[in-house]
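The values are calculated or read from the model by the stated rules, or taken from the named source; none is laboratory data. A quick note: this is a predicted structure, and the numbers were derived from the prediction, not measured. Cβ placement follows ideal geometry from the backbone for every residue including glycine, while neighbour counts extend to all protein chains displayed. For the accessible areas, the whole protein counts, side chains as well, though only heavy atoms, and no ligand, DNA or RNA atoms are used. Shrake-Rupley method; radii C 1.70, N 1.55, O 1.52, S 1.80 Å.
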Amino acid sequence: MLNYLSSVRSRMTLSWQRLKLRFRENRRRYLLRFFWILVAGSLFMIVGVNLFPHPSNKPNTSLNTPNSFGDQGKMVQITKRLYNPESGTAQFDFQVNDDAKDNNNNSFIDFSKVNVDVTATHGGDQLSGTIIQTSTNTLTVQFSHLDKNFTSLEFDFKDKSVNVANVQAPKNVQDAKAHKGTSKEKENGPIIVNRDGVKIDQNLKKKNQKQLAINSYEQKIADQKQLIIDNQQAIKKYQLAIKDQQEKLQVLQNQPDFGQPETKQSQIQSQQDQINSIQINITSASQNIDSAKQTIQQYKDVQKQIESGTFKLLKPKQL
């Protein structure tokens, strides 16, 4: 047994010595191979960083989600994200409202007091963008040469108008010191567009302000038409609900009162109140339809003014 172990040990020692000898004889060749492997790996990483898309660790801002900015309650939401990777043209539409309660999409925004800063990650060295007002409360940010492997774009809105609530006229030095530094602008997070958050449009081309403005009002008209359809469908459901309630009321009126006429009368009155409430909803929905039709006509009038050049918008501004 001892002889066998000794033999194995001798063989292992001999093999190790041969291995060391081979390495010494070919050391230069091995080192050169290792060097070229490192060089190839580094080149591959450099090429990969520049040619392949990069994942973004920032959350993508959802469409039509209001985001506050400034200190006066203004809200902005991104409504469209289009991109043509072949030409590098990109179009991002935004809607701005005075506050969260403005649901009519008819705010008048002084865009000369609204600044938009855009930060691009891997967007290309020759990226150029233009801010274009398209209606009283919408604007488009249009890009050229946006790299198809861009990671993300961050749109940061700032309200530069004066907030009177933050203006202080102190009576004395003590008041002045107390109010100092309390009127800073509210900091808000940017609207983020990741590469996977854009809609690919191979036919997307750059448009001038008139085209974008007309398209903006076409979208406003489409929204009002959808509002009409929603209210018409609601009226049909309300009418079915009234029919159901009337049938239930008729059955209830034919039921015996079982010696408690006041209970039966209370149930009848409750059913009648529900019918009256639904009829009020129908009237409200009809008014919504009439209002939407009037708004559509107003939007069409604005489109005509845009065509004739009498509807004034701010001149496009380069980022």
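Length gained on full extension, Gln202 to Leu240: 9.1 nm, using 0.36 nm per residue less the C-alpha separation.
What ranking of Leu313, Leu38 comes out by heavy-atom accessible area, probe 1.4 Å, highest first?
Values: Leu313 40, Leu38 95 Å².
Reading off the accessible areas and sorting them downward yields Leu38, Leu313.
How much net charge surrounds Gln91 when only the other residues with a Cβ under 13 Å from the Cβ of Gln91 are counted, with Lys and Arg +1 and Asp and Glu -1? The answer is +4.
Among Lys113/Lys148; Lys207/Lys317; Lys210/Lys317; Lys206/Lys312, which pairs are too far apart, with a Cα-Cα distance over 23 Å? Before the final figure, lay out each step's value.
On the way: Lys113/Lys148 32 Å; Lys207/Lys317 14 Å; Lys210/Lys317 15 Å; Lys206/Lys312 21 Å.
Over 23 Å Cα-Cα: Lys113/Lys148.
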